[in-house]
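To start, the structure under review is shown below, and the notes come after it.
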Amino acid sequence: MKKENMKDLLQHLFLHHLTCSLGKNPAHACRHDQYLAFALTVRDLMMRNWIETKETYAKNNPKTINYISLEFLIGRSLGNALCNLGIMDDAAQAMKELGLDINELRDEEVDAGLGNGGLGRLAACFLDSMANLELPAFGYGIRYDYGIFKQIIQNGYQIEEPDNWLSGGNPWEIRRPENTRIIKFGGHVEKIRDDANPHRRKWVNTQDVKAMPYDTPIPGYLNNTVNTLRLWSAESVYGFNLSMFNQGDYISANLESSLDQNITRVLYPNDNNYEGKELRLKQQYFLVSATLQDIFARAKGQNQDLHKLYEFNQIQLNDTHPALAIPEMMRLLIDVENFTWDEAWDVTTKVFNYTNHTLMSEALEKWSVSLFEKLLPRHLEIIYEINFIFLRQVATRYINDADRLSRMSLIQESPEKMVRMSYMCVVVSSHVNGVAALHTDLLKDGLFRDFSEFFPGKFINVTNGITPRRWLKKSNTHLAHLIDTKIGTEWPKDLDQLAKLNDFAADTDFLKEMACIKRKNKKILADYILENNGIVVNPDSIFDVQVKRLHEYKRQLLNIIHAITLYLQLKDNPQMDFVPRTIIFGAKSAPGYAMAKLIIKLINSVAEVVNNDAEIGDKLKIVFLANYRVSLAEKIIPAADLSEQISLAGTEASGTSNMKFALNGALTIGTMDGANIEICEHVGRENIFIFGMNVDEVCELRKNGYRPQDYIEASPLLKRAIDLIRNNFFSLGEHDVFRPVLDSLTYDNYMVAADFASYTEIQSQVSQLYRNQAEWQRACLRNIANMGFFSSDRSIREYSDHIWHTTPCRVSVQKSKELPLWAYQVNL
């Protein structure tokens, strides 16, 4: 479609929705009305392709990917849709002619925070890439009423407020009541008398809940594919009890409905208590049962033989949260479809694949047998049977090895009888993948060593990736435009093309343009910091950034202690030759994670002292940006000079923020952990700041007996920084508030003290290189140019080629002159 026609179409649809969909006089519409109308306008442009995509899949019956994730950290959809449709400039001009600023409309959208961090953001990137690669795919998740909490900071402490992201309406979703599913809980299991199938059972006297689907379009980049993300919301089967209400029992009239809806009320309810654990298990089963019923219904609608379900569908379990899909698949096939155990087992072991996202054994989900007996008695029977058959195989191969049987059992016997969900995923899934080369090696050699030996070839690696559409083209428009002028406009679909930028490493004018864009982005972030934190920061200082989930293994503590030592050096010698630095944090802690929340308090307390010390001025500033989220990340990442990826080696599975920062021209300071290793290999050791112990050195130190105090005593600056904290220098009004943090350093699980000297030394090298802006910018260019490997498109191709064995299914949309104006699709 010609640009002029597109502009006119956008304006026509916008005014139509403002008046006809929202019932507003354009002259009296508020900003939120304008956003809703424009979002509906953009959704209209995807609608015909969305319908055609579904029709194409139904007609061609291609092998389909079903991606199940308890998290989808989508962020904002408007800008992403405009980017993928290729109409960002047209939309900006169309709104400008109506007297509106498109950026203000985009800022009106609330982030869909249906995830906690990298896991959920990865899922969103993967959906984008599947659509971009024209792969038939469905995403399945939960439509939480309240997403990841809204974080506010009061007196330095994290305070959680509900994230009521749906309060203003969600123009991107469509409710699908015709696809409602019924989910069962509780009850008991009965044998079916005289049934020819000895494994078949009846699950009776259950408490039933309705799963209501809401569909969101996921557009590919400059193609006709629009895949679907289906999110399930819990509703009561029986709804409002009018009889009780009429009797005056107003609370009981709504009680059952409210309890059912609680299942999808909140993302990750605190599971520090029994009720929280029960609700989380309900959430997980609710998601997988609704999803599998949906897959079965689609398969039957397309006349697929369920005995060969795996030939038409692959199911990817994004971490252990959806593991209940395995016994649920067996239940549906045996109890509902009347498969024999062997027939059901054949399908189940060929249809599922499992992605592991953690090296932390404590993060691998385990559920108590007693909770299973209460909520999912039939599934516990199936898990016991799977375990019995599997252990029989293990016992046959490893004769008289009781320790191995105990280690590999799906059931932990003590101190409490628990179901090991990750073990079940490994045993049943066709493939198990880690998310970085080191992570996969550590899974095979450590966490799942017994299983790797038992199932040779089952474990493979697929290093994570990020979508360049959102994380460069959309979020860093000036840099994206500069790249377009140098190497063309195809790189968002083929990120390997960025390698052509290596030819400009000696082009001083190009490097200066890069530096100019970086400073412009830093000025935007500086303005945001001033508006939201009241802190004036120097855009010419090093923007040293660590934004990610707050966890001890990510070592925000190492960063803030180093900041204290910089402060001490400046206090010792205010006239020292010091490269100005702005240290920026953004992180949310899990509500029940006391130590992580105390580290947030420490960061803010240190910032309060440092930022108000007139002697220091703007040489050193510390900023904690509250409520870190996708839309804020899109503002922070293009402005960063230095990317802190400083987890203890062997603890971070992959990381993806490291990729986002490098793609936007920030230099990484990091350990040889997760995907840092592969980033180092691709950008060159000379273009990344590597410090600290590697995995083997960490293991050796633990083996020999790690004594943190030895390292603290050996570093006068580290000791002084710790003493400042101990002496309440940063907490004059709250005596000993940081005692738990100091106590943690006496055993120092994540070896902050051991890596501190190396970290301090490499930070000095950072400052030294920053003085030479030409060399700094050249290193930044090398990072951008060599990030092609880290596209999520590459990740999805590897999944497709090595795990799912799927092929693209191109969607063709016939243009028609008879279509009315409102039915036009973008001509891609």
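Below, the figures for the structure above:
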quantity: Subset of the range 164-208 [among the charged types (D, E, K, R), closer than 30 Å to Asp44 by Cβ and touching a helix residue (DSSP H, G or I) at 6+ places or on another chain (Cβ under 6 Å)]; calculated: Arg181
quantity: The range 510-565, residues that are of a type in the set (D, E, K, R), in contact (Cβ under 8 Å) with a residue 40 or more places away in the chain and buried (at least 18 other Cβ atoms within 10 Å of the Cβ); calculated: Lys518, Lys522, Asp544, Lys548, Arg549, Glu552, Lys554, Arg555
quantity: Matching option when the condition is in contact with a strand residue (DSSP E or B) (Cβ under 8 Å, 6 or more places away or on another chain) and acidic (Asp, Glu), among Asp527, Asp540, Asp509, Asp544; calculated: Asp544
quantity: Of the criteria (1) at pLDDT 95 or above; (2) of a type outside the set (A, V, I, L, M); (3) in contact with a Ser or Thr (Cβ under 8 Å, 6 or more places away or on another chain), which one Arg782 fails; calculated: (3)
quantity: Some residue of the range 406-415 being of a type in the set (A, V, I, L, M) and without any contact (Cβ under 8 Å) to a residue 40 or more places away in the chain; calculated: yes
quantity: Candidate set from the range 370-410 (those that are surrounded by fewer than 18 Cβ atoms within 10 Å (Cβ to Cβ) and among the β-branched types (Val, Ile, Thr)); member that is farthest from Met329 (Cα to Cα); calculated: Ile399
quantity: Residue within the range 389-401 that is within 27 Å of Asn205 (Cβ to Cβ) and not charged (D, E, K, R) present; calculated: no
quantity: Candidate set from the range 496-509 (those that are part of a loop (DSSP other than H, G, I, E, B) and aliphatic (A, V, I, L, M)); member that is least open to solvent (accessible area, probe 1.4 Å); calculated: Ala505
quantity: Within the range 121-161, tally of residues that are among the small types (Gly, Ala, Ser) and not in a strand (DSSP E or B); calculated: 6
quantity: Search result, residues across the range 724-754 that are over 20 Å from Tyr157 (Cβ atoms) and of a type in the set (S, T, N, Q); calculated: Asn727, Thr746, Asn749
quantity: Which numbered condition Glu634 misses (of (1) outside any helix (DSSP H, G or I); (2) open to solvent by less than 40 Å² (accessible area, probe 1.4 Å); (3) among the acidic types (Asp, Glu)); calculated: (1)
quantity: Near pairs, Cβ below 8 angstrom, 6+ apart or cross-chain, from the range 358-374 (under 17 Å from Lys444 (Cα atoms) and touching a residue at least 12 places away in the same chain (Cβ under 8 Å)) to any residue that is of a type in the set (S, T, N, Q) and assigned to a helix (DSSP H, G or I); calculated: Leu364/Ser422
quantity: Qualifying helices (runs of 4 or more DSSP H) (wholly inside the range 1-120; at least 2 residues being charged (D, E, K, R)); calculated: 3-16, 31-60, 88-97, 102-108
quantity: Gly733 being more than 28 Å from the chain's Cα centre (by Cα) and at positive phi; calculated: no
quantity: Residues of the range 780-809 that turn out to be touching a His at 6+ places or on another chain (Cβ under 6 Å) and among the hydrophobic types (A, V, I, L, M, F, W, C), as a count; calculated: 2
quantity: Filter pass, Tyr423 being of a type outside the set (A, V, I, L, M), open to solvent by less than 10 Å² (accessible area, probe 1.4 Å) and in contact (Cβ under 8 Å) with a residue 12 or more places away in the chain; calculated: no
quantity: Lone qualifier among Asn80, Asn103, Asn116, Asn61 - being open to solvent by 10 Å² or more (accessible area, probe 1.4 Å) and at pLDDT below 95; calculated: Asn116
quantity: Qualifying positions in the range 570-612 - over 17 Å from Ile159 (Cβ atoms), of a type outside the set (A, V, I, L, M) and outside any loop (DSSP other than H, G, I, E, B); calculated: Lys571, Asp572, Arg581, Thr582, Asn611
quantity: Residue under evaluation Phe730, criteria (1) closer than 18 Å to Lys554 by Cα; (2) of a type in the set (Phe, Trp, Tyr); (3) part of a loop (DSSP other than H, G, I, E, B), criterion not met; calculated: (1)
quantity: Selection within the range 345-357 - free of Cβ contacts under 8 Å to residues at least 60 places away in the same chain and either open to solvent by less than 10 Å² (accessible area, probe 1.4 Å) or assigned to a loop (DSSP other than H, G, I, E, B) (or both); calculated: Val347
quantity: Single condition Ser252 does not satisfy, out of (1) touching a helix residue (DSSP H, G or I) at 6+ places or on another chain (Cβ under 6 Å); (2) modelled with pLDDT under 95; (3) not in a helix (DSSP H, G or I); calculated: (3)
quantity: The range 135-174, residues that are in contact (Cβ under 8 Å) with a residue 40 or more places away in the chain and of a type in the set (D, E, K, R); calculated: Arg143, Asp145, Lys150, Glu160, Asp163, Glu173
quantity: Test: residue in the range 447-454 that is among the hydrophobic types (A, V, I, L, M, F, W, C), at pLDDT 95 or above and open to solvent by 10 Å² or more (accessible area, probe 1.4 Å); calculated: yes
quantity: Unmet requirement for Leu447, which otherwise passes all of (1) without any contact (Cβ under 8 Å) to a residue 60 or more places away in the chain; (2) under 30 Å from Ser430 (Cα atoms); calculated: (1)
quantity: Any hit, the range 46-53, residues being open to solvent by less than 20 Å² (accessible area, probe 1.4 Å), closer than 24 Å to Gly169 by Cα and of a type in the set (A, V, I, L, M); calculated: yes
quantity: Residue ID - nearest to Ala633 (Cα to Cα), chosen from residues in the range 466-495 that are of a type outside the set (Ser, Thr, Tyr) and open to solvent by 50 Å² or more (accessible area, probe 1.4 Å); calculated: Lys473
quantity: Ile74 vs. criteria within 27 Å of the chain's Cα centre (by Cα) and open to solvent by 10 Å² or more (accessible area, probe 1.4 Å); calculated: yes
quantity: Residue check for Glu311: modelled with pLDDT of 95 or more and surrounded by fewer than 16 Cβ atoms within 10 Å (Cβ to Cβ); calculated: yes
quantity: Test for Tyr747: is it aromatic (Phe, Trp, Tyr) and either touching a strand residue (DSSP E or B) at 6+ places or on another chain (Cβ under 7 Å) or open to solvent by 10 Å² or more (accessible area, probe 1.4 Å) (or both); calculated: yes
quantity: Pair list, Cβ < 6 Å and 6+ apart or interchain, from the range 37-52 residues that are under 16 Å from Met6 (Cα atoms) to residues that are of a type in the set (Lys, Arg); calculated: none
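The values are calculated or read from the model by the stated rules, or taken from the named source; none is laboratory data. Because the structure is a prediction, the values reported are computed rather than measured. Here Cβ is always computed from backbone atoms with ideal geometry, including for glycine, and neighbour counts include all displayed protein chains. Only protein heavy atoms, including side chains, enter the accessible area calculation; ligands, DNA and RNA are left aside. Shrake-Rupley method; radii C 1.70, N 1.55, O 1.52, S 1.80 Å.
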